[in-house]
Amino acid sequence: MPIQLDHDVVIVGAGVCGIYLLYRMRELGFNVTVIETGNEPGGTWYWNRYPGARFDSESYTYGYSFSKELLDEWEWSEHFSGQPETLRYLQHVIDRFDLSDGFQCGLTVEKALFNEDDSTWSVTLSDGRILRCQFLMTAVGLLSAHTLPNIPGMDDFQGRSFHTYHWPKEHVDMTGLRVGIIGTGATGVQVIADIADKVGDLTVFQRRPNWCAPLNNGPIDPAEQASIKSRYDEIFAVCKSTPGGFLHRPDRRRYDEVSEEEKLEFWEELYAGRGFGVWLGNFRDVLMEPEANKAFSEFIAGKIRQRVTGPETAEKLIPKDHGFGTRRVPLETRYYEAYNRDNVHLVDINETPIERITETGIRTSNESFEFDLIIYATGFDAITGAFDRIEIVGKGGQRLRDKWRDGPETYLGLQTAGFPNLLMLAGPQSASVSTNFPRGIEETVDWVTALMRHMQKKAHTRIEVDKASEIEWCEHVRGFYEGALISTTKSWFTGYNSNVAGHDTLRHLVYFGGAPKFRERVTEVAANDYTGFQFDSV
Ligand code: NA7
């Protein structure tokens, strides 16, 4: 007797990716449900409600590109939209395309077990139900498994404390509060700059500073709005042609061929420009050649010294352990100026380590600080963390988290051997994880849609990647790390997280070949009858 399926497709995660995937899978006539831990869809933009949370991607390059009507009707108010507007946008997309009944929110996927007999998955939810489906598709996000530090006494603190990912839904009035914050990554930088003038007192506990650069945000005026709307085809065509899926294109001039004067003028322009230009529109050599990288790092260090009035504080804010752009560059709005305020204090925890969290605050090796609120901006178990938190069991009882103990192994970031019918959208080692996210995922969702259409046509019910293809892909991904300055620096890009056991070595999580190369490869795979995949009809 044929097995009764609850759904053809179960999607895990209702963020930017899961929403679009639901839309496409429904178009194919599949019975689909999306399981989401949050109480509403929105993913990253549902959870990250901390003050200052906003895009570093130009808003008009972040929205979906698949519907002209949607592009025509939606108006972004700022060049880099804030979290509330982005969440409203995603809600609008859900309403506009009648998707709201496709989500089951407030539920977590705890386990997924592959059934070898009929190539289906049994998906256990936090309410105890088990859903049987043919295809399990993950849209779990890159930065959705938050990590707290392991500091003694964290439960002792009597004031309020939370990780930025779990910022409360209701307004947190910080007027007059004594606030401590740990973490100065892209999140910490946004929070610090935003709350410095709203709190009573702010103490920043910094382990490693980052090279930050101005976001240069601003409202979109009506003339710009009209221009953006008339240029969407061009905007998306540029994004498609650049390695990062942004409007910013690396400058191909050789760094050492450009005169000092011209170089400085160019860098000043980048620094005054919007968004990631300073990182992704710079000379290519800045991210490849130590000498060019050093020169640009010095340029940025000069900017920090200009903007921070206290020379000692400025020096503490200048990274010494890595060059510009070898970790994710936080974009900021008056971040450095926050340190010129009398109520903002910087504690370098390399000099005076945190010893413990106390009932009333934080104790370092030479001082006890009293706080009303402690903010943990301590980041994520990036890219693989969300997978590791689900017990995913494939063929022969193999657990995905065991298979990936020393780092992920995938084919195209889409599948992993031994886990048939599990499709990872924006999986580790895909290009989506290193590009302007929606640009990458839209293409991947479309690619998977075509794959599913192919399987429907051929009446295939099973897809699996062969081991040899996986090995070849992993080698290919590793190749991009060789010689790249980015691979020499510890960050979530390179798989490091000091708060997660075993994540203290380099892991090849990210495809660094750029979106165009990735696209070329997956297009070729599809054109050759999906080389590397094996199909079956069970
Ligand atoms: P990040 O970029 O991983 O930053 C986390 C920050 O927290 C970083 O400054 C860490 O210092 C610090 N951290 C982490 N653990 C500790 C402990 N145990 N003690 C002290 N300091 C600690 O995460 P974000 O949330 O800022 O950004 C993630 C991405 O979200 C971002 O790149 C954007 O793409 C959006 P470290 O540098 O490791 O010394």
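Are there GluC sites (Glu not before Pro) in the stretch 5-100 that DSSP marks as loop and that have at most 14 other Cβ atoms within 10 Å, and which are they?
Working: sites: 27, 36, 58, 69, 73, 75, 78, 85; in loops: 58, 75.
Those that pass, being in a loop and sparsely packed, are 75.
Excluding same-chain residues fewer than 8 positions from residue 263, which aspartates and glutamates have a Cα within less than 19 Å of its Cα?
251, 285, 289, 291, 298
So what J values fall out for the stretch 467-476 if you push phi through Karplus, 6.51 cos²θ - 1.76 cosθ + 1.60 with θ = phi - 60°, rounded to Hz, Gly and Pro as x?
4, 4, 5, 5, 4, 4, 5, 4, 4, 4
Taking the Cβ of residue 510 as the center, what net charge do the other residues with Cβ under 12 Å away carry, scoring Lys and Arg +1 and Asp and Glu -1? Before the final figure, lay out the partial values.
Working: positive: 328, 478, 507; negative: none.
Net charge in that neighbourhood comes out at +3.
Kirkwood Rh over alpha-carbon pairs of the chain, then Stokes-Einstein at 20 °C and 1.002 mPa s: what D in µm² s⁻¹, rounded to an integer? Present the calculation step by step, with values, prior to reporting the outcome.
On the way: Rh = 24.4 Å.
In µm²/s, the coefficient is 88.
What are the ³J(HN,Hα) values, in whole Hz, obtained from phi via the Karplus relation 6.51 cos²θ - 1.76 cosθ + 1.60 with θ = phi - 60°, for each residue of the stretch 375-380 in sequence order, with x given for Gly and Pro?
10, 9, 9, 9, x, 9
Taking H placed 1.01 Å from N in the peptide plane, check which residues at least 5 places from residue 163 or on another chain put their amide H under 5 Å from its amide H.
Residues meeting the criterion, in which the H sits 1.01 Å from N, are 376.
What number comes out for the charge environment of residue 67, summing +1 per Lys or Arg and -1 per Asp or Glu over other residues with Cβ under 10 Å away?
On the way: positive: 68, 96; negative: 69, 72, 73.
Computed value for this residue: -1.
For the stretch 461-466, in order, what is each residue's ³J(HN,Hα) by Karplus, 6.51 cos²θ - 1.76 cosθ + 1.60 with θ = phi - 60°, in whole Hz (x at glycine and Pro)?
For the stretch 461-466, the Karplus curve yields 10, 9, 9, 8, 9, 8 Hz.
Can you give me the long-range amide H partners of residue 103? Hydrogens built in the peptide plane at 1.01 Å from N, cutoff under 5 Å, separation of 5 or more residues or another chain.
For residue 103, the qualifying residues are 34.
Tell me, what is the per residue accessible area of the chain in Å², probe radius 1.4 Å? Display every interim value, and only then the final one.
Values: 22070 Å² over 538 residues.
Heavy-atom accessible area per residue stands at 41 Å².
Whose amide H sits under 5 Å from the amide H of residue 110, counting only residues 5 or more places off or on another chain, with H placed in the peptide plane?
Hits under the 5 Å cutoff: 124, 125, 126.
Could you work out the helix-only [θ] at 222 nm for the chain, with each DSSP H run of four or more residues adding -39,500 (n - 2.57) and the total divided by the number of residues, to the nearest 500 deg cm²/dmol?
Numbers: 19 runs with 175 residues, N = 538.
So the helix-based figure for the chain works out to -9500 deg cm²/dmol.
Ranking request for peptides 13-23, 43-53, 124-134, 268-278: highest mean number of other beta-carbon atoms within 10 Å first, then the rest in descending order. Please list the in-between numbers first.
Numbers: 13-23: 26.6, 43-53: 22.1, 124-134: 15.2, 268-278: 18.3.
Sorting 13-23, 43-53, 124-134, 268-278 by mean packing, highest first, produces 13-23, 43-53, 268-278, 124-134.
Helix 437-458 sits at what angle to the longest principal axis of the chain, using alpha carbons and giving 0 to 90 degrees rounded to 10?
Helix 437-458 sits roughly 10 degrees off the main axis of the chain.
Could you work out the relative contact order of the stretch 1-57, using alpha carbon pairs under 8 angstrom and six or more residues apart, expressed as a whole percent?
Numbers: 55 pairs, mean separation 20.5, N = 57.
Averaging sequence separation for qualifying contacts and normalising by length gives 36 percent for the stretch 1-57.
Out of the total accessible area of the chain (probe 1.4 Å, heavy atoms of protein only), what percent is carbon and sulfur?
Numbers: 10600 of 22070 Å².
C and S fraction of accessible area: 48 percent.
Which angle from 0 to 90°, rounded to the nearest 10, does the C-alpha axis of helix 290-307 make with the longest principal axis of the chain?
Taking Cα atoms only, the helix is inclined about 50 degrees.
Normalised by the number of residues in the chain, what is the relative contact order in percent for Cα pairs under 8 Å and 6+ residues apart? Each step should come with its number before you reach the end.
Numbers: 1069 pairs, mean separation 104.7, N = 538.
19 percent.
Set the bar at 20 Å for Cα to Cα. Now go through 111/403; 68/240; 294/320; 467/517 and name every pair that lies beyond it.
Details: 111/403 16 Å; 68/240 17 Å; 294/320 11 Å; 467/517 22 Å.
Exceeds cut-off: 467/517.
Please compute P(r) over all alpha-carbon pairs of the stretch 193-249, binned at 10 Å starting from zero, and give each bin as a whole-number percent.
17, 27, 27, 21, 9
By the scheme Lys and Arg +1, Asp and Glu -1, what is the net charge of all other residues having a beta-carbon under 10 Å from that of residue 308? The partial results should precede the final answer.
Working: positive: 303, 305, 307, 316; negative: 312, 315, 337.
Result for the local shell: +1.
The values are calculated or read from the model by the stated rules, or taken from the named source; none is laboratory data. Since this is a predicted model, take the numbers as computed values, not measurements. Cβ: placed from backbone, ideal geometry, glycine included. Neighbour counts: every protein chain shown. Remember, those area values only see protein heavy atoms, side chains included, never the ligands or the DNA or RNA. Shrake-Rupley method; radii C 1.70, N 1.55, O 1.52, S 1.80 Å.
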